[in-house]
Each structure stands twice: as C-alpha cells, then as structure tokens.
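Step one of this worksheet: look at the structure below.
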Amino acid sequence: MPAALLWLIFALGLAGAEALTGDMSLLMLGGGALAAAATSWLLNWPIWADGAVFLVVSVLLLVLVRPPLRRRLSAAKGITTGVQALEGKNALVVDRVARDEGQVKLDGQMWTARPFDDADVYEPGELVTVMRIDGATAVVWKNI
C-alpha cells in the first residue's frame, strides 16, 4: 500500500476522531497528515521526510490556526444579559424603599424595589446597589 494512501487514511481517521472531541487538536493533526499525504504522492519522498512534513505542518496549524479558530467558534463568555446584567449596578431611590414599598431608577427605568435587609429603609435621593432581581422587584442594599 503506498505511503500517500496510509497518510490519507490517517488524516481521515484524525478528522473523524475530531468530530467526537471538538477540541480542534486532532483536526490540526489531520491537516498535518493530509500535507504529508500530498507530499508523499506528489514528490515521492521517503517516509521520514513525510513524517517531518507531518510534524512541521501539524505544529504550525496548532500554534497559528487553532487559537483564533477556537476563539471564533466558542461562545462569548462573561457577557451577562437580561436581569443578571442589572445585578451589582447602582440605582437611585425615587420613592421611599422599605419592606413592602419603594421604587428606584435603574438604567433609566423605574423598578419596584425592596431592601435586602427588611429592617432597612432608604429615602429618596440615596444611591443603592442592586443585589439581585426577584421577579420584577430589585432587591437593593445601601452604598457605603
């Protein structure tokens, strides 16, 4: 069996194994094996030269192609959306915030609010921090 065919089978096996892992490492090794198959078929080099082509191309693909490809294909992490994005933000007390009443202005919108500690009371004009969003109510804590 010609060496080029063996390299091609190896490349296809690595690409198939990559489908199971999703790490992009085996795909880069498969690219190196594909390059070795091409040089073996086109140039008829000895097997050690094909191995060197495999090694060089695989390392180049792993170092130069894999990192940007993984960044592009991975979902953005650390971006919070929805009500989770409001947690930790400052709000302005508009209407007295006590156990069962109150409103704050948060990101330009009016929110029903209650204190984190039920015994606390916040007066209009005070700055508070949103600890969490509970349904449609901002649970707030006094800024120090």
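The values are calculated or read from the model by the stated rules, or taken from the named source; none is laboratory data. Since the structure is predicted, the reported quantities are computational estimates derived from the model, not experimental observations. Because the Cβ atoms are built from the backbone with ideal geometry, glycine has one as well, and the counts that use them run over all protein chains shown. Side chains included, ligands, DNA and RNA excluded: accessible areas come from the protein's heavy atoms. Shrake-Rupley method; radii C 1.70, N 1.55, O 1.52, S 1.80 Å.
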If D23 satisfies all but one of (1) within 25 Å of M1 (Cβ to Cβ); (2) among the acidic types (D, E); (3) surrounded by fewer than 13 Cβ atoms within 10 Å (Cβ to Cβ), what's the number of the condition it fails? (1)
Counting only residues in the range 79-93 that are surrounded by 13 or more Cβ atoms within 10 Å (Cβ to Cβ) and of a type in the set (V, I, T), the one nearest to K142 (Cα to Cα) is identified as V93
Enumeration of residues in the range 94-116 that are surrounded by 12 or more Cβ atoms within 10 Å (Cβ to Cβ) and outside any strand (DSSP E or B): R99, F116
State whether the residues of the range 107-126 include one that is assigned by the TED database to the domain that holds E18, modelled with pLDDT of 95 or more and aromatic (F, W, Y). no
Residue ranges of helices (runs of 4 or more DSSP H) in the range 25-85 with at least 2 members over 30 Å from R132 (Cα atoms) and among the polar types (S, T, N, Q): 25-43
Selected residue (criterion: modelled with the lowest pLDDT) from residues of the range 9-19 that are open to solvent by 30 Å² or more (accessible area, probe 1.4 Å) and more than 18 Å from W48 (Cβ to Cβ): A19
